Amino acid sequence: MTRDALVEYEPPNDLIKAIRDFSQKAEDWLVLNQPAEFRQELLEFYFLCSNYLRTAEYFDTNYVSYFERKGQSDLKTKLFCLDPAPMLAVPLNRSRSTVFSRQRCFRSITL
């Protein structure tokens, strides 16, 4: 299996627009609450897209876009937060104590 990867320091604006358009159409259909064999898969993919879009809103110099092609038709994209310190500073300053766990700060979607 061939894997090609690409890292960019800009948000994938065309992809974000396409995901936003898809999410709106999916939401319009999902609220109709019609039974369909693909409904659960669509709902899961809709929430993956929503999480990706929410992360894209924070994209700045602390983020990179990562793309990985798997085979001929699968594309995996992630938005990696390289330095979460600026995002954590405000809530940490408001808190009295903090517990950190080892988590990765990224959102991933496979198209």
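Of all residues in region 55-111, those being within 26 Å of SER23 (Cβ to Cβ), at pLDDT below 80 and among the charged types (D, E, K, R) number 2. A search for C-beta distances below 7 Å between a residue of region 1-26 that is within 12 Å of PHE59 (Cβ to Cβ) and in a strand (DSSP E or B) and any residue that is modelled with pLDDT of 95 or more and not β-branched (Val, Ile, Thr), counting only pairs 6+ apart in sequence or on different chains, returns GLU8/SER65. I'd like the full set of residues that are assigned to a loop (DSSP other than H, G, I, E, B) and either touching a residue at least 24 places away in the same chain (Cβ under 8 Å) or surrounded by 14 or more Cβ atoms within 10 Å (Cβ to Cβ) (or both), limited to region 27-59. Residues satisfying the conditions are TYR58, PHE59.
The values are calculated or read from the model by the stated rules, or taken from the named source; none is laboratory data. Given the structure is predicted, the values throughout are model-derived calculations rather than measurements. Here Cβ is always computed from backbone atoms with ideal geometry, including for glycine, and neighbour counts include all displayed protein chains.
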